[in-house]
Every structure is written in structure tokens, then in C-alpha cells.
Amino acid sequence: MADNQKTILREDLKIKGNVFEKENIQINGEINGDVKAENLKLEEKGKINGNIYSSVSELDGTVNGDIKSSKVHISGTGDIEGTIKQKTLSIDEGAKLKIKTETSK
């Protein structure tokens, strides 16, 4: 798979169950289950009700669950509830957060 290719889940898609992607995933729809991917991009209208496991997580949408990721960025449109275990965390102004964070080495 080329570096610029990614799996895209559209706005009108709802998944009940876990999602696994070896490389890049962009989520515009709703997932009720855990998501595991190398690089995860949750768009503003995207929603995950479950845990996230990734190397890089860019979160513009809603997450209700725990996040385990080396690098986490939460944009101003992000709405996150859960525990975040990360090496680096950046949060833009305006994000809605109900979180606990743990920094890993």
C-alpha cells in the first residue's frame, strides 16, 4: 500500500463492531467499537464509541472511550471523554474535554 493511500469511512456509514486498519484511516461516520490503525484521522462529523489504538491520532470529532496513541492532537472541534495514554498531546482552543491523561515514555 502506498504512503498516501488510506481507508475512508463516509458520513453515512455506521459500524457496530471493531475496526482494524494496518495503515491509515479517515473516519467521517460512526463506529460503535474499538478502532486500531497506524494513523487515525477522525473528522469533525465522525464519532467513535469505543477505544482507539494507534501511533498517531488526529481528533476533530467525538470520542467516548480510551485512547492509546504515541501522538494525539485534539482540534478545537474535538469532543473527547475518556483516558488518554500518549507520549505527546496537543489540544487546540475550543476542544470539549472530560479526560484523564497518562504520559508514557
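Computed from the coordinates by the stated procedures, all read-outs in this text should not be read as laboratory data. Remember, predicted model here, so these are calculated numbers, not experimental data. Every residue, glycine among them, receives a Cβ derived from its backbone with ideal geometry; neighbour counts consider all protein chains shown.
Worth a mention:
- Residues within region 59-105 that are assigned to a strand (DSSP E or B) and either at negative phi or among the hydrophobic types (A, V, I, L, M, F, W, C) (or both), tallied: 31
- Taking (1) surrounded by 18 or more Cβ atoms within 10 Å (Cβ to Cβ); (2) over 20 Å from Thr77 (Cβ atoms) in turn, Ile25 satisfies each apart from (2).
- Taken across region 13-25, residues that are of a type in the set (D, E, K, R) and within 12 Å of the chain's Cα centre (by Cα) do not occur at all.
- Comparison of Lys45, Lys41, Lys6, Lys36 shows that the only residue that is in contact with an Asp or Glu (Cβ under 6 Å, 6 or more places away or on another chain) and surrounded by fewer than 19 Cβ atoms within 10 Å (Cβ to Cβ) is Lys45.
- Considering region 45-58, the residues that are among the charged types (D, E, K, R) and in a strand (DSSP E or B) include one that is farthest from Glu81 (Cα to Cα), namely Glu58.
- The residues on offer are Gly82, Gly94, and the sole one that is under 19 Å from Val19 (Cβ atoms), in contact (Cβ under 8 Å) with a residue 12 or more places away in the chain and surrounded by fewer than 21 Cβ atoms within 10 Å (Cβ to Cβ) is Gly82.
- Cβ-Cβ contacts under 8 Å between residues 6 or more apart (or on different chains), taken from a first residue in region 47-66 that is closer than 18 Å to Gly94 by Cα to a second residue that is of a type in the set (Lys, Arg) and assigned to a loop (DSSP other than H, G, I, E, B), are listed as Gly61/Lys45.
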